[in-house]
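J.: Below is one structure. I have some questions about it.
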Amino acid sequence: MLRLGTRGSRLALVQSELVADRLRRAGHEVELVPVVTAGDVRPVDTAPGEGMFVGELAAALLAGEVDLAVHSAKDLPLEQDPRLVVAAYPERADARDALVTRDGGATLGTLPAGFLIGTDSPRRAGFLLAARPDLRVGSLHGNVDTRLRRLDEGQVDALLIAAAGVERLGLAGRIDERLDVEVVAPAPGQGALAVQVRADSAAALAAVGRLDDPEVRLTVETERRLLGATGGGCRAPVGALAELREGTLHLLAAAVTPEGLDLRLVRLETSPEGAAELAWSVGRKLRPR
């Protein structure tokens, strides 16, 4: 029996079930074990901190209470306990950010001046204001369902939110526009799942390792290396997207201030073997000035 640790939010449970289903189809018995994280119990108006959604899951792994844990790759801190490893990046959905309004049918270009956009991300706020400095940004925290409810209650006029989470909840119809990555560069790892296990657990490593997608691993780890080179963490206003097409790795990277100033964006390409070196080089150039 593999014990899969998961947060209790609806999106976390959906993502954990995606992994559990693949393990079951491979012949493994899987039990979901709910774990409450600091991100789940923080006050609704408190911004999530570095690692807030993964710390208790990592602790449960190390204590032997669970055998594996499913995370959104973008939430994983860059510095991880060496006793834990990401055994699989099993899939990646749409990496882009999405615009969601109450009434639908809008685009970033058609939003009225002064519209209040809700987000808990300095990255999204910065790129949004760089593109539309006439809009307003308001802090809006909570899981996907909470943010959509607060939008519908009129607390904000629109949301910027990861398209992947909305899709996985079966709510893709609420998306008004998927934003061009050169306008709002995605968070490193956005849309990808990461499955963490103990490094000394041969059984979990073997079972989970079969779910790994080498292309997703290459692209996500390239983006995370770039983020590390900037000196920022998972909430830094830095975006990156690596894509492997016809044997060439294409890398987009961008940085901005949370106020929408000092926007810098680059597009480069390299071989898969050169990905780590390119990511480090570009990341160093995007360090805050």
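Bear in mind these aren't lab numbers, they're just calculated from the coordinates by the rules spelled out. The model shown is predicted, which means the values in this text are computed figures rather than measured ones. Reconstructed Cβ throughout: ideal geometry from the backbone, glycine too, with neighbour counts over all protein chains shown.
J.: Just to check your reading of the model, which residue among 123, 147, 132 is more than 19 Å from the chain's Cα centre (by Cα) and of a type in the set (Lys, Arg)?
T.: Being more than 19 Å from the chain's Cα centre (by Cα) and of a type in the set (Lys, Arg) holds for just one of 123, 147, 132, which is 132.
J.: From the list 241, 265, exactly one residue is in a strand (DSSP E or B), over 17 Å from the mean Cα position of the chain (by Cα) and not aromatic (Phe, Trp, Tyr). Which is it?
T.: 265
J.: Within the stretch 213-236, restricting attention to residues that are in contact with a strand residue (DSSP E or B) (Cβ under 9 Å, 6 or more places away or on another chain) and among the hydrophobic types (A, V, I, L, M, F, W, C), which residue is surrounded by the fewest Cβ atoms within 10 Å (Cβ to Cβ)?
T.: 218
J.: Look through the stretch 245-262, keep the residues that are out of contact with any Asp or Glu (no Cβ under 8 Å at 6 or more places or on another chain) and farther than 25 Å from residue 137 by Cα, and return whichever of them is surrounded by the fewest Cβ atoms within 10 Å (Cβ to Cβ).
T.: Restricting to residues being out of contact with any Asp or Glu (no Cβ under 8 Å at 6 or more places or on another chain) and farther than 25 Å from residue 137 by Cα, the top hit is 246.
J.: Continuing with the same structure: Show the residue pairs meeting these rules: Cβ distance below 7 Å; 6+ apart or different chains; first residue within the stretch 161-187 and closer than 18 Å to residue 120 by Cα; second residue buried (at least 20 other Cβ atoms within 10 Å of the Cβ) and of a type in the set (Asp, Glu).
T.: These pairs meet every condition: 161/97; 162/97; 163/97; 179/97; 184/97; 186/97.
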